[in-house]
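The values are calculated or read from the model by the stated rules, or taken from the named source; none is laboratory data. Bear in mind that the values here come from a model prediction, so they are computed numbers and not experimental data. Here the Cβ is made from the backbone with ideal geometry for all residues, glycine too, and neighbour counts use every protein chain on show. Protein only, heavy atoms only, side chains kept; ligands, DNA and RNA dropped before computing areas. Shrake-Rupley method; radii C 1.70, N 1.55, O 1.52, S 1.80 Å.
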Amino acid sequence: MSDASTVLAWYRRHRRDLPWRNSDDPYRIWLSEVMLQQTRVETVLPYYQGFLERFPTVEALAAAPLDEVLAAWSGLGYYRRARFLPRAAAAVVGRGGFPRSVAELRELPGIGEYTAAAVASIAFGVVSPVLDGNVERVLTRWRALAGDPKRGELRRKLLAAAAELLDSDAPGDSNQALMELGATICTPRRPNCGSCPLQSSCRALADGEPEAFPSPRPERPVVREDWVLALAADDAGRVLLFRRSDEEELLAGTWELPSARAGRRVAVELGETYGGRWELGELAGVVRHGITFRSLELSVRWARVSSAAGEVAEGPEAGWFAPLEIAALPHSAMVDKALVVAGLLSGSKPRRRPGCTSR
């Protein structure tokens, strides 16, 4: 039995029962592939189900306002992916359905080489190998290939190796088999080589150093930052949020609590950024949050904001929202963490402390 047949047989015996694997609908397959980019399956599952309940078809997604799409995505991270979804859906609807070739799929907004190959092979049976992080790890170990899997000659060798393990009669399952193998067996640390269907032909295992592949890339050092989140709540328990610009690099278009770098000028900086005059009250709690290479320690402070001249905008860029209303807004997990530590997500009223309410 060839290595390709061995891997495919292993997958069909051991594959996880995931909802997108029970469908040949290109919309569902495309959505799962976009969500799974740089995100664990366990994290994606509830978002995937909830997203499909809200947007069950590509037509529903194409017709949805961007803010509604971002709200359904809130907490999943990498919001740039979500911003492309309705644009790509509209393009699919405009052409009368999903394109079937890799080249045509790549013409859709936000769809790159990997996603196009995955959707084409899984939904339409196109014989096209895929390379994601899991597959790259399997292949660099199988062939003991050193170097950066994203670049030049090594990438061409990996595509050739992936094609070698691709069963032309079942390209979708073959590609998913390599993804599954990397996710569950050929893991970055302590791979379970004894259960691997490629163990007899794996060169890295034969050399006794599977974890040496792929070659480690220099890691960007984690930057620790201290910030203050200002929690202004009115007598009705509504919280003041501001909407980020659509042009921002991170978290574009999401609703966030006003924030400033920790230090002596927090209140001044809040005023300069958001308008109004700010006073900070007691500490509601401290939360931690990671964004790419940044590790944020966030001091959640009760706050008062006043604006006799109407400096705090009401409208599309700022507003007061009840905690339960915030769930329907596009927002990051930082907001939820702050509301939880302040006791606002449980339905309790904001604590009444001097300098802690708005006016």
* Residue check: is residue 219 over 26 Å from the mean Cα position of the chain (by Cα) and either open to solvent by 70 Å² or more (accessible area, probe 1.4 Å) or closer than 30 Å to residue 145 by Cβ (or both)? -> no
* Asked: Across region 126-136, what is the number of residues that are part of a helix (DSSP H, G or I) and either open to solvent by 30 Å² or more (accessible area, probe 1.4 Å) or free of Cβ contacts under 8 Å to residues at least 40 places away in the same chain (or both)?
  -> 2
* Structure fact -> Cβ pairs under 9 Å, 6+ apart or interchain, first in region 77-89 and under 16 Å from residue 28 (Cα atoms), second hydroxyl-bearing (Ser, Thr, Tyr) and assigned to a helix (DSSP H, G or I), ordered by first then second residue, are 89/27
* Could you list, in sequence order, the residues of region 163-182 that are among the hydrophobic types (A, V, I, L, M, F, W, C) and either open to solvent by less than 10 Å² (accessible area, probe 1.4 Å) or under 27 Å from the mean Cα position of the chain (by Cα) (or both)? -> 165, 177, 178, 179, 181
* Name the pairs: first residue in region 1-12 and over 13 Å from residue 201 (Cα atoms), second residue of a type in the set (S, T, N, Q), Cβ to Cβ under 9 Å, at least 6 apart or on different chains? -> 8/174; 10/195; 11/174; 11/176
* Quick check: is even one residue across region 204-221 in contact with a strand residue (DSSP E or B) (Cβ under 8 Å, 6 or more places away or on another chain), in a loop (DSSP other than H, G, I, E, B) and under 30 Å from residue 74 (Cβ atoms)? -> no
* Asked: Taking region 35-71 on its own, how many of its residues are in contact with a Gly (Cβ under 9 Å, 6 or more places away or on another chain), open to solvent by 20 Å² or more (accessible area, probe 1.4 Å) and assigned to a helix (DSSP H, G or I)?
  -> 5
* To do: Six or more apart or on different chains, Cβ under 7 Å: which pairs go from a residue in region 153-167 that's in contact (Cβ under 8 Å) with a residue 40 or more places away in the chain to one that's open to solvent by 20 Å² or more (accessible area, probe 1.4 Å)? Could you list them?
  => 165/3; 166/127; 166/129; 167/5
* Among (1) within 19 Å of residue 209 (Cβ to Cβ); (2) at pLDDT 95 or above, the one test that residue 147 misses -> (2)
* Which numbered condition trips up residue 199, out of (1) open to solvent by 10 Å² or more (accessible area, probe 1.4 Å); (2) without any contact (Cβ under 8 Å) to a residue 60 or more places away in the chain; (3) farther than 14 Å from residue 6 by Cα? -> (3)
* Which of (1) of a type in the set (A, V, I, L, M, F, W, C); (2) surrounded by fewer than 21 Cβ atoms within 10 Å (Cβ to Cβ); (3) farther than 20 Å from residue 130 by Cβ; (4) within 18 Å of the chain's Cα centre (by Cα) does residue 82 not meet, given it meets every other one? -> (2)
* Asked: Looking only at region 82-104, which residues are in a helix (DSSP H, G or I) and over 18 Å from residue 56 (Cα atoms)?
  -> 102, 103, 104
* Got a sec? Which of 146, 160 is open to solvent by 20 Å² or more (accessible area, probe 1.4 Å) and not in a loop (DSSP other than H, G, I, E, B)? -> 160
* Asked: So which residues in region 7-34 are open to solvent by less than 40 Å² (accessible area, probe 1.4 Å) and farther than 21 Å from residue 120 by Cβ, if there are any at all?
  -> 9, 10
* For residue 67, state whether it is among the acidic types (Asp, Glu) and under 24 Å from residue 132 (Cβ atoms). => no
* Asked: Can you tell me how many residues in region 250-277 are over 24 Å from residue 325 (Cα atoms), open to solvent by 20 Å² or more (accessible area, probe 1.4 Å) and hydrophobic (A, V, I, L, M, F, W, C)?
  -> 3
* **Hits in region 214-229 - residues which are under 21 Å from residue 133 (Cβ atoms) and either among the small types (Gly, Ala, Ser) or in contact with a Leu (Cβ under 7 Å, 6 or more places away or on another chain) (or both)** => 215
* To do: Residue by residue through region 20-52, note down the ones that are more than 20 Å from residue 114 (Cα to Cα) and in contact (Cβ under 8 Å) with a residue 12 or more places away in the chain.
  => 43, 45, 47, 49, 50, 51, 52
